[in-house]
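Note sheet for the following structure.
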Amino acid sequence: MIRLVIADDHPIVRAGLIALFDLESDIDVVAQAATADEAVTAAEEKNPDVVLIDLQFGARATVTGVDATRRIRELDAAPYVLVLTNYDSDADILGAIEAGASGYLLKDAPPHELIAAVRAAAAGESALAPVIASRLLDRMRAPQVSLSSREIQVLELVAAGRTNTEVAAELFVSETTVKSHLAHIFTKLGVASRTAAVLAARQRGILR
């Protein structure tokens, strides 16, 4: 029996997922969580095999699905984590996978694909939606237009309106390092300004 925790801030989404998995004889939903912190607690207390988690938990939430994924994967006898979200930017995908997620699916996935992904994750296999797998392959095939995870972090903060000084403080690096990252970002994206870099990254699906 696969023990599953469902974490999403929308009650209707949780109810729909629970109803879906209740039809499967080999999957038992042992807990549900409305916040990222609750997901971590459920992972600690319920000993699940898989945690199915969204990336965002409301505009006011300070803890994201990526944060929770990292904390869950650091637990003793850690369950596998499967992301189910609406977001498919490079920043979201890479952040989740680097945090330890075994799989990444979008909420428009057909039910049979989601059920198969949970079974795959429980078996220790990766479970990527076709569009996500294609995106990762594209990054590998076209490294000249792919930003590193650190460059994406820098650009996300720039997009949020942070100055170089603020970016440096938040990432615990020097301003010189931030400027170096920006120079590489400008070169890769073929732009000459911070604003143009953010716009180009959004057009390429690198940022939301």
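The values are calculated or read from the model by the stated rules, or taken from the named source; none is laboratory data. Being a predicted model, the structure only gives us computed values, none of them experimental. Don't worry about glycine lacking a Cβ; one is built from the backbone with ideal geometry, like all the others, and counts go over all protein chains shown. Each accessible area value is taken on the protein alone, full model and side chains, heavy atoms only, with ligands, DNA and RNA left out. Shrake-Rupley method; radii C 1.70, N 1.55, O 1.52, S 1.80 Å.
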Ile2's amide H: which non-local residues (gap 5+, or another chain) put their own amide H closer than 5 Å, with H modeled 1.01 Å from N in plane and none for Pro or chain starts? Ile27, Asp28
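Add -39500 (n - 2.57) for each DSSP H run of 4 or more in the chain, then divide by its residues: what number comes out at 222 nm, to the nearest 500 deg cm²/dmol?
Taking each H run of at least 4 residues, the total per residue is -16000 deg cm²/dmol.
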So what J values fall out for the stretch 178-193 if you push phi through Karplus, 6.51 cos²θ - 1.76 cosθ + 1.60 with θ = phi - 60°, rounded to Hz, Gly and Pro as x? 4, 4, 5, 4, 5, 4, 5, 4, 4, 5, 5, 8, x, 10, 10, 8
Less than 22 Å apart at the alpha-carbon level, and either on another chain or at least 8 residues along: which lysines does that give for Lys188? Lys179
A chain fully extended from Thr41 to Arg208 at 0.36 nm per residue, minus the present Cα-Cα distance, gains in nm 57.2 nm
Lys and Arg at +1, Asp and Glu at -1: neighbours of Asp9 with Cβ under 12 Å from its Cβ sum to -2
GNM, the chain, Cα, under 10 Å: largest mean-square fluctuation among Ala117, Ala19, Ala78? Ala19
What residues have an amide H closer than 5 Å to that of Ala127, excluding those fewer than 5 places away on the same chain, when H is modeled at 1.01 Å from N in the peptide plane? Gly103, Tyr104
Highest first, please rank the peptides 21-30, 62-71, 118-127 by the mean number of other Cβ atoms sitting within 10 Å of their residues. 62-71, 118-127, 21-30
Two-site label geometry, Ser174 and Lys107: point separation in nm, points 7 Å out along Cα→Cβ: 4.4
Just grab the label-to-label distance for Ser126 and Arg150, each label 7 Å out from Cα along the Cβ direction, in nm (one decimal). 2.3
On the protein heavy atoms, probe 1.4 angstrom, tell me the percent of accessible surface of the stretch 41-179 carried by carbon and sulfur. 49
One finds, for Arg194 and Met1 with R0 = 45 angstrom and r their Cβ-Cβ distance, a FRET efficiency to the nearest 0.05 of 0.30
Charge-dipole axis of the chain as Lys and Arg at +1 and Asp and Glu at -1 on Cβ define it, positive-most pick from Ile27, Asn47, Ser102: Ser102
Using a probe radius of 1.4 Å on heavy atoms only, what accessible surface per residue do you get for the chain? Whole Å² is fine. 50
Can you list the residues, at least 5 places off or on another chain, whose amide H is less than 5 Å from the amide H of Lys107, using H built in the peptide plane? Thr85, Asn86
Gain upon complete extension [Thr163, Ala116; 0.36 nm per residue less C-alpha separation]: 12.5 nm
